[in-house]
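Structure first, then comments.
The values are calculated or read from the model by the stated rules, or taken from the named source; none is laboratory data. The model shown is predicted, which means the values in this text are computed figures rather than measured ones. Neighbour counts run over all protein chains shown; Cβ positions are idealised from the backbone, glycine included. To get the accessible areas, we keep the full protein, side chains included, count just its heavy atoms, and leave off ligands, DNA and RNA. Shrake-Rupley method; radii C 1.70, N 1.55, O 1.52, S 1.80 Å.
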Amino acid sequence: MLPEILKIAEGYGVNFNPRTYGKKETLCKCVFCEEDSKAGKGHKFYLSLNTQDQLYKCWFCGASGGVLDFESKLSGLPYEDIRTKYFGKRKKPRHPAERLNARQLRTIGWAEYKRKNRPEFKKKREAVLRDWQRYEHEQLVKHFAMFIVVAHIENQEERQDELLRFVMNSCKETQIHLLFNRILAEYVKEDAERSSWAIEGAEIGRAAWRVSLSTYDFEMEKVVLNVSFLYYMLKMIKLQSKRNSVKNDKVSLAN
């Protein structure tokens, strides 16, 4: 039996419309877009909880799904962990692509494909997983680079705090589980002990820092632009180096 979505929402401090509380359609403030929490919208409640079918939907941002997905998003834990919490471990492990939730699949462009044709989605699980791994690596690198830039700012505590909040919020938007925590864990390591994505991110972050320092422009939009540009350039350099290596190998074999 599925857990009750109303109790899950209560446990995470969701703000309900008292006039609808406990009814089949219980309205509350959307914890995803938070549009109905803005000034002047105190009477608005965009998130609907279906207490009969244990479903949720925001009528503003469109976030929707079942109760397990709901708790996964509220807690920040993987969907599979929430499922295990209520139903125990599966006898047969699921493919990593199957464990990606709807928002994660939407991020890499596979959500609609899975919704319309699950059998075909199963056939393409390896492609889905590769897309997610590429996306995850890129986001890890870029966000670590942004964190490096913020960490290097001196004598601007208020500005540094503002940029750090930006990075934290951006990490949440990626749909990558505990992204910011992973960044912090890598940051405290010695350079040689870091994961490959952190080493790459540190290289880009230091370069982006030098660019920002040269103009003394630490606006987050400019930092993000510098990081994205440098990431792209590094990617192109590595790709060209790989092509040259393959070309040289072919020449050697020919000789």
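The figures follow:
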quantity: Axial C-alpha extent at least 20 Å, average Kyte-Doolittle at least -1.0 - helices from the chain (DSSP); calculated: 125-152, 196-215, 220-254
quantity: Trypsin sites (Lys or Arg not before Pro) lying in DSSP loop within segment 74-179, provided at most 10 other Cβ fall within 10 Å; calculated: Lys89, Arg90, Lys91
quantity: Inter-label distance, nm, simple model (7 Å from Cα along the C-beta direction), Leu225/Glu112; calculated: 3.0
quantity: GNM flexibility winner over the chain from Lys41, Lys189, Lys29 (Cα, springs under 10 Å); calculated: Lys41
quantity: Estimated FRET transfer efficiency when R0 is 22 angstrom, pair Ser195-Ala151 (beta carbons, to 0.05); calculated: 0.80
quantity: Carbon + sulfur, % of accessible area of the chain - ligands and nucleic acids excluded, 1.4 Å; calculated: 52
quantity: Solvent-accessible surface ranking, highest first, for Leu105, Leu213 at 1.4 angstrom; calculated: Leu213, Leu105
quantity: Sequence-distant residues sharing a close amide H with Leu55 (under 5 Å, placed H); calculated: Asn50
quantity: DSSP loop chymotrypsin sites (Phe, Trp or Tyr not before Pro) with at most 13 other Cβ within 10 Å: longest gap in the chain; calculated: 13-215
quantity: Glu25/Thr84 FRET efficiency (R0 30 Å; Cβ-Cβ; nearest 0.05); calculated: 0.55
quantity: Shape call, the chain: gyration tensor on alpha carbons, a/c limit 1.5; calculated: oblate
quantity: Given 15 as the ceiling on other Cβ atoms within 10 Å, longest exposed-site-free region of the chain for GluC sites (Glu not before Pro) in DSSP loops; calculated: 35-153
quantity: Cβ-defined net charge surrounding Ala145, 9 Å radius [Lys, Arg +1; Asp, Glu -1]; calculated: 0
quantity: Set Lys73/Lys114; Lys7/Lys85; Lys124/Lys235; Lys7/Lys29; Lys24/Lys57; Lys7/Lys44 screened for pairs whose C-alpha atoms are more than 24 Å apart; calculated: Lys124/Lys235
